[in-house]
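The values are calculated or read from the model by the stated rules, or taken from the named source; none is laboratory data. Predicted model, so just to flag it, every value in this text is computed and none were measured. Please note: Cβ atoms are built from the backbone with ideal geometry, for glycine as well, and neighbour counts cover all protein chains shown.
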Amino acid sequence: MATLIDTVAAADARAARHPEKQKRPDSPVLRKPDWIRVRAPIGETYSETRKIVKDNGLVTVCEEAGCPNIGECWAQKHATFMILGDTCTRACAFCNVKTGLPGPVDHDEARRIAEAVVKMGLEHVVITSVDRDDLDDGGAQHFVEVIEAIREASPGTTVEILTPDFLRKPEAAVQSVIDARPDVFNHNLETVPRLYLKIRPGARYYHSLRLLERVKDRDPDAFTKSGIMVGLGETREEVMQVMDDMRSAGIDFLTIGQYLQPTRKHAAVERYVTPEEFKSYEAVARAKGFLMVSASPLTRSSHHAGEDFARLKAARLARG
């Protein structure tokens, strides 16, 4: 008899072969409150950042995922590079990255990213990727190559990675990424366990949690980070339980941001969480022992990542 995991794996395979069939029924769109409004991306530095990205033939999650902070970040020459292509093998209900069968791995990508890091003068860079369930190692070796290329070209740049879950991939694949010693190892849980089959059907909550725990097991000095979205129908009690689960896994840095519906085909926003509620979440998370917490409507994993990394290191030193 097929297990639930087998059933979901089969659904993921169908999604990869026929992404056009994965459209969801149109869902209602709530009107955005004033605290969600952001300025349109403009300015000379924004244009320079965009040119560097395009000239190097790179993909950014800023563009692919429609990040609301792109104007602010690119105006400061900050960008989050998305490796392993622009096509994901999964069909998460919250994500605007296209789904399908990806092309071959571009082994020159590491060199071009390193060049872009140098051109942009980045002191801290965030590297993420699409899910590559089609690859034997889930893209782990490519992460290692990118980290090594950046460090060779720009030794002073700290590297933060935001990885996929490497579900059903060999233990050695994950170990190779940990052993590359990124300055921050981030993997987002995204939502509460109850909503996984609806919001993140190709993933498993406890597998994602265990991934971050494995980082600490192998390298106790590593900084780990994870984030969730709110406004998808979760309860406050469920968010508190996720915080406890994260602390049990030794996660240092928690981010909480408002889910924003990319299109009417994606999961609907159930509600907009108020700035006051975010402040409350932040206070509770700090009391639970996280070294760093960023919680606001526009918080995203890589928003202010460089400044946050400096604060993260300072918080560890202060705690002793």
Subset of the stretch 178-198 [charged (D, E, K, R) and buried (at least 21 other Cβ atoms within 10 Å of the Cβ)]: Glu190
Check on Ala110, of a type in the set (A, V, I, L, M), more than 16 Å from the chain's Cα centre (by Cα) and closer than 12 Å to Ile83 by Cα: yes
Selection over the stretch 289-309 where residues are out of contact with any strand residue (DSSP E or B) (no Cβ under 8 Å at 6 or more places or on another chain) and of a type in the set (Gly, Ala, Ser) yields a count of 1
So if I check each of Gly320, Gly257, Gly233, which one is of a type outside the set (Ser, Thr, Tyr), on the phi > 0 side of the Ramachandran plot and at pLDDT 95 or above? Gly233
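Every residue, every condition in (1) touching a residue at least 12 places away in the same chain (Cβ under 8 Å); (2) of a type in the set (Gly, Ala, Ser); (3) not in a loop (DSSP other than H, G, I, E, B), yes or no:
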residue: Arg214; (1), (2), (3): yes, no, yes
residue: Glu237; (1), (2), (3): no, no, yes
residue: Val242; (1), (2), (3): yes, no, yes
residue: Val273; (1), (2), (3): yes, no, no
residue: Ser302; (1), (2), (3): yes, yes, no
Taking the stretch 256-289, which residues are crowded, with 21+ Cβ neighbours inside 10 Å and under 19 Å from Val242 (Cα atoms)? Ile256, Gly257, Gln258, Tyr259, Val273, Phe278, Tyr281, Ala285
Filter the stretch 103-127 down to the residues that are touching an Asp or Glu at 6+ places or on another chain (Cβ under 9 Å) and either of a type in the set (A, V, I, L, M, F, W, C) or in contact (Cβ under 8 Å) with a residue 60 or more places away in the chain (or both) and list them by number. Ala110, Ala114, Ala116, Lys119, Met120, His124, Val125, Val126, Ile127
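Conditions (1) in contact with a Phe, Trp or Tyr (Cβ under 6 Å, 6 or more places away or on another chain); (2) not in a helix (DSSP H, G or I), marked per residue:
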residue: Met246; (1), (2): no, no
residue: Leu254; (1), (2): yes, yes
residue: Gly257; (1), (2): no, yes
residue: Leu260; (1), (2): no, yes
residue: Glu277; (1), (2): no, no
residue: Tyr281; (1), (2): no, no
residue: Ala285; (1), (2): no, no
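List the helices (runs of 4 or more DSSP H) that sit entirely inside the stretch 58-158 and contain at least 1 residues that are at pLDDT 90 or above, of a type outside the set (Asp, Glu) and surrounded by fewer than 23 Cβ atoms within 10 Å (Cβ to Cβ).
Details: elements: 61-64, 70-75, 109-120, 140-153.
The qualifying helices (runs of 4 or more DSSP H) are 109-120, 140-153.
Quickly run through the stretch 190-225 and pick out the residues that are of a type outside the set (A, V, I, L, M, F, W, C) and within 21 Å of Thr274 (Cα to Cα).
Of the residues in the stretch 190-225, the ones of a type outside the set (A, V, I, L, M, F, W, C) are 190-191, 193-194, 196, 198, 200-202, 204-208, 210, 213-214, 216-221, 224-225.
Of everything in the stretch 190-225, those that are of a type outside the set (A, V, I, L, M, F, W, C) and within 21 Å of Thr274 (Cα to Cα) turn out to be Glu190, Thr191.
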Any residue that is of a type outside the set (Val, Ile, Thr), in contact with a strand residue (DSSP E or B) (Cβ under 7 Å, 6 or more places away or on another chain) and crowded, with 18+ Cβ neighbours inside 10 Å - is there at least one of those in the stretch 166-177? no
